[in-house]
């Protein structure tokens, strides 16, 4: 998907500004998007922190998907086409995110990158 190249370029340019500390290769990011692992959370958490408003929920490896759902709800239509692919669902959203088709996880991450770049704090 061309979106993966766009995400990798975004990460190359903005990783230091966003304080994304995890080191990963293109292959490792692709693997994380296919089979979600801790790398995916380590990338999403700093992106989510860069998107106002600041969330009241602590952002961690067990909660980032919930925060993602809440933030997507407010601006998905500005950065992507179609319906929001994941919504908060009393804690089940983490399992739902893991079960999404990898191409949808790529689109979600691309949407986060767009949101941070255009409307965020960088």
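Checking the conditions here, which among 14, 10 is in contact with a helix residue (DSSP H, G or I) (Cβ under 6 Å, 6 or more places away or on another chain), in contact (Cβ under 8 Å) with a residue 40 or more places away in the chain, under 12 Å from residue 112 (Cβ atoms) and surrounded by 13 or more Cβ atoms within 10 Å (Cβ to Cβ)? Talk me through it step by step, then tell me what you get.
Working: 14 fails: in contact with a helix residue (DSSP H, G or I) (Cβ under 6 Å, 6 or more places away or on another chain).
None of the other options fit; the residue is 10.
Can you tell me which residue in region 43-64 is nearest to the chain's Cα centre (by Cα), limited to those that are surrounded by 15 or more Cβ atoms within 10 Å (Cβ to Cβ) and over 21 Å from residue 15 (Cβ atoms)?
Kept after step one, since they are surrounded by 15 or more Cβ atoms within 10 Å (Cβ to Cβ), are these residues of region 43-64: 43-51, 55, 59, 63-64.
Cutting the leftovers down to over 21 Å from residue 15 (Cβ atoms) gives us 55, 63.
Details: 55: 15, 63: 13 Å.
Applying the filter and picking the extreme gives 63.
Can you spot a residue in region 96-103 that is at negative phi, part of a helix (DSSP H, G or I), loosely packed, with under 13 Cβ neighbours inside 10 Å and at pLDDT below 90?
Taking every residue of region 96-103 in turn, none turns out to be at negative phi, part of a helix (DSSP H, G or I), loosely packed, with under 13 Cβ neighbours inside 10 Å and at pLDDT below 90.
Can you find, within region 78-95, the residue that is surrounded by the fewest Cβ atoms within 10 Å (Cβ to Cβ) among those that are assigned to a helix (DSSP H, G or I) and either touching a residue at least 12 places away in the same chain (Cβ under 8 Å) or under 11 Å from the mean Cα position of the chain (by Cα) (or both)? First the steps, then the outcome.
As a first pass, look at region 78-95 and keep what is assigned to a helix (DSSP H, G or I): 78-79, 93-95.
Applying the additional criterion that residues be either touching a residue at least 12 places away in the same chain (Cβ under 8 Å) or under 11 Å from the mean Cα position of the chain (by Cα) (or both) yields 78-79, 93-94.
Working: 78: 11, 79: 17, 93: 18, 94: 19.
Going through the qualifying residues, I end up with 78.
The values are calculated or read from the model by the stated rules, or taken from the named source; none is laboratory data. Please read these numbers as outputs of a predicted model, since none were measured by experiment. Please note: Cβ atoms are built from the backbone with ideal geometry, for glycine as well, and neighbour counts cover all protein chains shown.
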